[in-house]
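K.L.:
Take a look at this one; I'll ask things after.
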Amino acid sequence: MKRIHVWDPFVRVFHWSLVLSFGANALVIDDDSKLHEWVGYVVVGLVVLRILWGFAGKGYARFSSFPPSVQGSKEQIADIAVGRNKIHIGHTPLGALMIYNLLLALLVVGVSGHLMTTDMFWGVEWPEHLHEFAVTWTEVSVVLHILAVIFESKRTGVNLPAAMIRGYKDVPSG
């Protein structure tokens with residue numbers, strides 16, 4: 001096994017802070033409470049910081065290290081279908097699409113949630129419908145993300161959750 005530093009402290013703290021904040025707002029905190037609103041702002045703030053870090057950070061934190069790629073995604077699906085085990089040091093092509101999906105979905109959740117608190121949109125239904133749809137989309141995406149991480153960890157032999165805790169991926173040599 002070869003140990004490779006992949007996730008910097010900012011990416012790891014961002015990831016787990018987002019997990020806790022979104023999870024608390026979706027599963028624990030009352031939607032009608034002021035706390036729900038403030039935790040929502042924390043989520044949006046985290047996403048904005050991650051987007052900035054995607055341009056300013058180094059290595060695998062940079063968006064340029066995992067551009068969205070339809071061709072790469074097709075190749076990854078083909079690898080899975082035929083049992084080829086290609087190790088990706090940063091995000092896989094499908095993982096990259098999920099990251100972009102989650103960042104965008106969380107922004108929609110936050111903006112639509114904020115609109116519901118403004119005088120301009122008070123009592124208007126579409127921001128609430130958009131918010132509920134975006135939350136559901138995000139929750140489904142999170143479940144798919146978790147299942148994909150478990151699947152890819154088992155398939156490739158690379159413990160992805162441990163890498164997001166430690167910052168290092170232990171990958172098979174060669």
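K.L.:
Counting only other residues whose beta carbon sits under 14 Å from that of Gly167, what net charge do I get with K and R as +1, D and E as -1?
P.N.:
Charge balance in the 14 Å sphere: +3.
K.L.:
Take each uninterrupted DSSP H stretch in the chain, measure its Cα extent along the helix axis, and return the ones at 27 Å or beyond whose mean Kyte-Doolittle hydropathy is at least 0.5.
P.N.:
Span-like helices here: 34-56, 93-115.
K.L.:
Which value at 222 nm does the chain reach when only helices count, each DSSP H run of 4 or more adding -39,500 (n - 2.57), with the total divided by all residues and rounded to the nearest 500 deg cm²/dmol?
P.N.:
My calculation for the chain gives -23000 deg cm²/dmol from helical runs alone.
K.L.:
State, to one decimal in nm, how far the label point of His15 lies from the label point of Tyr100, with both points 7 Å from Cα in the Cβ direction.
P.N.:
2.0 nm
K.L.:
Still on this structure: Placing +1 at every Lys and Arg Cβ and -1 at every Asp and Glu Cβ, with all other atoms neutral, what dipole size does the chain have around its Cα centre, in debye to the nearest 20?
P.N.:
My answer is approximately 1360 debye.
K.L.:
Could you compute the net charge surrounding Ser112? Neighbours are other residues with a C-beta less than 12 Å from the C-beta of Ser112; K and R count +1, D and E count -1.
P.N.:
The answer is -3.
K.L.:
Grab the other residues whose beta carbon is less than 15 angstrom from that of Phe63, score K and R as +1, D and E as -1, and report the net.
P.N.:
Cβ neighbours under 15 Å give a net charge of +2.
K.L.:
Oh, and also: Would you mind getting the Kirkwood hydrodynamic radius of the range 2-171 from its Cα pairs, rounded to one decimal in Å?
P.N.:
17.2 Å
K.L.:
I would also like to ask the following. As an exercise, use a Förster radius of 35 Å and the Cβ-Cβ distance of Val70 and Met1 to find the FRET efficiency, rounded to the nearest 0.05.
P.N.:
Taking R0 as 35 Å, the efficiency between Val70 and Met1 is 0.65.
A short reminder: the numbers here are calculations on the coordinates, not readings from a lab. What you are looking at is a predicted structure, and each value in this text was computed from that prediction instead of being measured. A quick note on method: Cβ atoms are made from the backbone with ideal geometry, for glycine too, and the neighbour counts reach across all protein chains shown.
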